Amino acid sequence: MCGIVGYIGNKKASPILINGLLRLEYRGYDSAGIATIENDEIKVMKNKGRVNNLYELDGINDLVGTIGIAHTRWATHGKPSKENSHPHMDNSNSFAVVHNGIIENYNELKNMLIEKGYKFLSATDTEVIPNLIHYYFEQDKTDDDKKILRAVKSTCKDLKGSYAIEILSIYNKDKMIVVRKDSPLVIGKGNGENYLSSDIPAILSYTKDFYLLDDNEIVELSRDEVKFYNQDLKEIQKPIKSIEWGALSAEKDGYEDFMLKEIYEQPKAIRETVGAKLDNGSIEIEGLNLTKEYLQSLNKIYIVACGTAMHAGLVAKTTIEKLCKISVEVDIASEFRYREPLVDEKTLCIYISQSGETADTIAALKLAKSKGAKTLAISNVIGSSITREADYSIYTHAGPEIAVASTKAYTSQVVLLNILGIYFAEKLERVEKEIINNLKQDILNLPSQIEEILKDTNQVKNFAKKVYKEKDMFFLGRGTDYAVSLEGSLKLKEISYIHSESYASGELKHGPIALIENDVTVIATMTNPDLVEKSISNVQEVVTRGAKVFAITSEDIKNDGLSQVIKIPKTNPLISPVLSVIPMQLFSYYISKEKGLDVDKPRNLAKSVTVE
Ligand code: F6R
């Protein structure tokens, strides 16, 4: 949560910083601010609300500094307000800091600093950081060019929690210091200039060369140099990574919103996810080399993730259990990490995270690792934190996902997890080859089938127009249709603010049917021919009680008696969520638009949940 940007070069920093913040707004958008150095002074400008509100500030366009830091906030400590916005300064106005993360022991540190005479102007945890740096800077009686670095190092030793911090100081006006622990931060290398950001897309239009930081590394940036130090201030070397994403992938490219663009990008994203994996013979996945013996030794696979990523895991449970005959448990990361999960060297633990930065998922991975299980991360972001913790990492290659509500990340995760299931199955040889080969072919057909669905979206749009004023909706499904219904229901909540619940159709009679009354909207997904008869009976039960049903079925399924039906192309039920989720994504999108909401930045949400 929160996005940070930094620039040092020969250009005016403020437009670059604000531009970067606008691209990071999906990470938080309740206040924003920037700081630059001009005439021996750190100039801070901040405002409550969206990044664009910075333009309302007097003098914002007059900032001429060529070094600066910036922040867009998702409040944790202290309500959204100008005072609580970043950057924060120390009492002597010598250090300015922006911070993403949480300082868990800030109260203790604040009290210590208050005792030493420091005053605090905000309710944030962050404000302790510039003051601590100042405190250690003043304590240090040596005067050399590492003095600020030493103060930062001592400060970091005191901090408990997670942080990505950028620091400006009037004691060295041509350098910027950066440090991270459990919070994302990348450095973009330019020519005579360097950039910093919470993620790659925000600065992709300036450079394609990045340094990925590891925990506890301290970096000193000047215009021509990037110097890396370990926590003992010993200089270390780091490789540069070139990123293949085009700058346009972080732009709306003519679409009204990022979410719509990302919905339409799904065929391309899935083609990238599949790559050459299914081209010939047995599947090889770069970054993965699990042996038949190891897979045979497993008695359980855990899939652990949060939100949409967890929903992708629920789809994969069916595939892996069916093809590999290994029991799969899907768990929410924040639950897994605080239980005592039964995990040992006979458990393979798979962690899914689009961003690769979700705090609970990373902690859940570390827990399994400590218990001796092998860990496999599935992420969309190369070099993200989770991929650096896991024993194995594989990538969805879906391209940057900017909208807060996940769309292409979900479908590409479902596809990659299915490919992973096939990879295991080919080694285990517990099911007939034909089943596997058919599934491979069905996966290859998915991109063109999505294109087919996206050709005409009017039916979904019209239904959304009819029901957008409603307060509650219900999603029903069985098997993978239930798994995808959970995702459909989440999308609706997130971007249209309509309360919705998803139920396994068979559970209806065990309670939820009491909620069905005249004119209630039910989205029923029925794509599995083996389950359709039972599902139709459940749908009839709600129709009898007055529900308006919007059904999503495959073209091979009969839907007698239902008036609102959207047909998706026929595919294997193991991967049908990749198709059936498309009308659900569009449904939420059109409702949100109809209500005049901000689709890409729904209230209270941020894309990357880097705090617990
Ligand atoms: C919903 C959504 C979230 C994320 C969840 C995990 O649209 O995007 O539910 O799926 O916060 O995020 P990652 O996958 O980055 O770990």
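Taking the stretch 473-495 only, how many residues are among the charged types (D, E, K, R) and either open to solvent by less than 20 Å² (accessible area, probe 1.4 Å) or at pLDDT below 95 (or both)?
Number of matching residues: 3.
Please give the number of the condition residue 532 fails out of (1) under 17 Å from residue 574 (Cβ atoms); (2) open to solvent by less than 10 Å² (accessible area, probe 1.4 Å); (3) of a type outside the set (Lys, Arg).
(2)
Based on what the data block shows, is residue 333 in contact with a Cys (Cβ under 6 Å, 6 or more places away or on another chain) and within 13 Å of the ligand (Cβ to nearest atom)? Steps first, answer last, please.
Numbers: in contact with a Cys (Cβ under 6 Å, 6 or more places away or on another chain): yes; within 13 Å of the ligand (Cβ to nearest atom): yes.
Yes.
Residue 258 - would you say it is touching a strand residue (DSSP E or B) at 6+ places or on another chain (Cβ under 9 Å) and touching a residue at least 12 places away in the same chain (Cβ under 8 Å)?
The answer is no for residue 258.
Residue-by-condition table, conditions (1) over 18 Å from residue 307 (Cα atoms); (2) within 16 Å of the ligand (Cβ to nearest atom):
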| residue | (1), (2) |
| --- | --- |
| 566 | yes, no |
| 569 | yes, no |
| 573 | yes, no |
| 587 | yes, yes |
| 591 | yes, yes |
| 603 | no, yes |
| 608 | no, yes |
| 611 | no, yes |
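Can you tell me which residue within the stretch 365-382, out of those that are hydrophobic (A, V, I, L, M, F, W, C) and open to solvent by less than 40 Å² (accessible area, probe 1.4 Å), is farthest from the ligand (Cβ to nearest atom)?
That would be 373.
Quick one: residue 240 ticks every box in (1) of a type in the set (A, V, I, L, M); (2) open to solvent by less than 50 Å² (accessible area, probe 1.4 Å); (3) out of contact with any helix residue (DSSP H, G or I) (no Cβ under 6 Å at 6 or more places or on another chain) except a single one, so which number is it?
Looking at each condition in turn, residue 240 falls short on (2).
For the stretch 383-395, give me each residue that is more than 10 Å from the ligand (Cβ to nearest atom) and either surrounded by fewer than 22 Cβ atoms within 10 Å (Cβ to Cβ) or under 14 Å from the mean Cα position of the chain (by Cα) (or both).
383, 385, 387, 388, 389, 391, 392, 395 - these are the residues of the stretch 383-395 that are more than 10 Å from the ligand (Cβ to nearest atom) and either surrounded by fewer than 22 Cβ atoms within 10 Å (Cβ to Cβ) or under 14 Å from the mean Cα position of the chain (by Cα) (or both).
Look through the stretch 295-326, keep the residues that are near the ligand (Cβ under 10 Å from one of its atoms) and small (Gly, Ala, Ser), and return whichever of them is farthest from residue 482 (Cα to Cα).
The qualifying residue farthest from residue 482 (Cα to Cα) is 305.
Please enumerate the residues belonging to the stretch 76-100 that are open to solvent by 10 Å² or more (accessible area, probe 1.4 Å) and assigned to a strand (DSSP E or B).
89
Going through 592, 608 one at a time, which residue ends up being within 30 Å of residue 199 (Cβ to Cβ), modelled with pLDDT under 95, within 28 Å of the chain's Cα centre (by Cα) and polar (S, T, N, Q)?
608
Out of all the residues in the stretch 355-364, which are of a type in the set (Val, Ile, Thr), part of a helix (DSSP H, G or I) and open to solvent by 10 Å² or more (accessible area, probe 1.4 Å)?
362
Okay, residues lined up against (1) assigned to a helix (DSSP H, G or I); (2) closer than 28 Å to residue 201 by Cβ:
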{"site": "316", "(1), (2)": "yes, yes"}
{"site": "335", "(1), (2)": "yes, no"}
{"site": "350", "(1), (2)": "no, yes"}
{"site": "372", "(1), (2)": "no, no"}
{"site": "387", "(1), (2)": "yes, yes"}
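Given the criterion more than 25 Å from residue 353 (Cβ to Cβ), of a type in the set (Val, Ile, Thr) and in the same structural domain as residue 377 (by TED's automatic domain parsing), identify the matching residue among 443, 402, 436, 450.
So the residue among 443, 402, 436, 450 that is more than 25 Å from residue 353 (Cβ to Cβ), of a type in the set (Val, Ile, Thr) and in the same structural domain as residue 377 (by TED's automatic domain parsing) is 436.
Looking at the stretch 546-581, which of its residues are more than 16 Å from residue 523 (Cβ to Cβ) and either open to solvent by 60 Å² or more (accessible area, probe 1.4 Å) or aromatic (Phe, Trp, Tyr) (or both)?
Within the stretch 546-581, 555, 556, 558, 560, 561, 570 qualify.
Pairs needed: first member in the stretch 113-131, without any contact (Cβ under 8 Å) to a residue 60 or more places away in the chain; second member anywhere, open to solvent by less than 40 Å² (accessible area, probe 1.4 Å) and among the polar types (S, T, N, Q); C-beta distance under 7 Å; at least 6 residues apart or different chains.
113/131; 118/131; 122/84; 123/84; 124/84; 129/155
Considering only helices (runs of 4 or more DSSP H) fully contained in the stretch 410-498, which possess at least 3 residues that are within 16 Å of the ligand (Cβ to nearest atom) and touching a residue at least 24 places away in the same chain (Cβ under 8 Å)?
Ranges flagged: 480-496.
Is the stretch 126-146 home to any residue that is surrounded by fewer than 16 Cβ atoms within 10 Å (Cβ to Cβ) and of a type in the set (S, T, N, Q)?
Looking for residues that are surrounded by fewer than 16 Cβ atoms within 10 Å (Cβ to Cβ) and of a type in the set (S, T, N, Q), one finds at least one in the stretch 126-146, hence yes.
Quick one: how many residues across the stretch 74-115 are within 26 Å of residue 608 (Cβ to Cβ) and touching a His at 6+ places or on another chain (Cβ under 9 Å)?
Count: 13.
Output the number of the condition that residue 503 fails; it satisfies all remaining conditions of (1) outside any helix (DSSP H, G or I); (2) assigned by TED's automatic domain parsing to the domain that holds residue 259.
Just one mismatch for residue 503, condition (2).
Return the pairs, sorted by first residue and then second, in which the second residue is open to solvent by less than 40 Å² (accessible area, probe 1.4 Å) and outside any loop (DSSP other than H, G, I, E, B), the first residue lies in the stretch 328-347 and is in contact (Cβ under 8 Å) with a residue 40 or more places away in the chain and aliphatic (A, V, I, L, M), the beta carbons are less than 6 Å apart, and the residues are 6+ apart or on different chains.
343/368
The values are calculated or read from the model by the stated rules, or taken from the named source; none is laboratory data. In this text the structure is predicted, and so the values were computed from the model without any measurement. Glycine gets a Cβ as well: all are built from the backbone with ideal geometry, and neighbour counts include every protein chain shown. The accessibility values were calculated without ligands, DNA or RNA, using every heavy atom of the protein model including side chains. Shrake-Rupley method; radii C 1.70, N 1.55, O 1.52, S 1.80 Å.
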